[in-house]
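Scroll down for the structure; my scribbles are underneath it.
The values are calculated or read from the model by the stated rules, or taken from the named source; none is laboratory data. Treat the numbers as computed from the prediction; the structure is a model and nothing was measured. Heads up, the Cβs are rebuilt from the backbone with ideal geometry, glycines too, and the neighbour counts pull from every protein chain shown.
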Amino acid sequence: MCKACPVRRPCASWALATAQEYGIRGGMDEEELVLACRRKHLSARKRSSSGPDA
């Protein structure tokens with residue numbers, strides 16, 4: 001169903017921005033949402049720890 005949805009990307013972006021972990025959002029199931037949220041947080045931590053003085 002999500003594959004043909006015209007708002008799939010905004011839905012996925014919203015799900016990640018609001019740390020949704022339940023249901024199907026943007027074509028991702030619950031397990032994929034949790035993994036994507038973890039990746040997003042790890043990526044943000046790496047960016048913040050690698051400042052100009054790093």
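Points worth noting:
One line per residue, one yes/no per condition, for (1) in contact (Cβ under 8 Å) with a residue 60 or more places away in the chain; (2) closer than 17 Å to MET1 by Cα; (3) in contact with a Phe, Trp or Tyr (Cβ under 8 Å, 6 or more places away or on another chain); (4) among the charged types (D, E, K, R):
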position: SER13; (1), (2), (3), (4): no, no, no, no
position: LEU16; (1), (2), (3), (4): no, no, no, no
position: ILE24; (1), (2), (3), (4): no, yes, no, no
position: MET28; (1), (2), (3), (4): no, yes, no, no
position: GLU32; (1), (2), (3), (4): no, yes, no, yes
position: LEU35; (1), (2), (3), (4): no, no, no, no
position: ARG38; (1), (2), (3), (4): no, no, no, yes
position: HIS41; (1), (2), (3), (4): no, no, no, no
position: SER49; (1), (2), (3), (4): no, no, no, no
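- Taken over segment 1-21, the criterion of being part of a loop (DSSP other than H, G, I, E, B) and either within 18 Å of ARG39 (Cβ to Cβ) or of a type in the set (Lys, Arg) (or both) is satisfied by THR18, ALA19, GLN20, GLU21.
- Taken across segment 31-48, residues that are in a loop (DSSP other than H, G, I, E, B) and either at pLDDT 85 or above or under 9 Å from the mean Cα position of the chain (by Cα) (or both) do not occur at all.
- Residue within segment 13-36 that is surrounded by fewer than 10 Cβ atoms within 10 Å (Cβ to Cβ), basic (Lys, Arg) and at negative phi present: no
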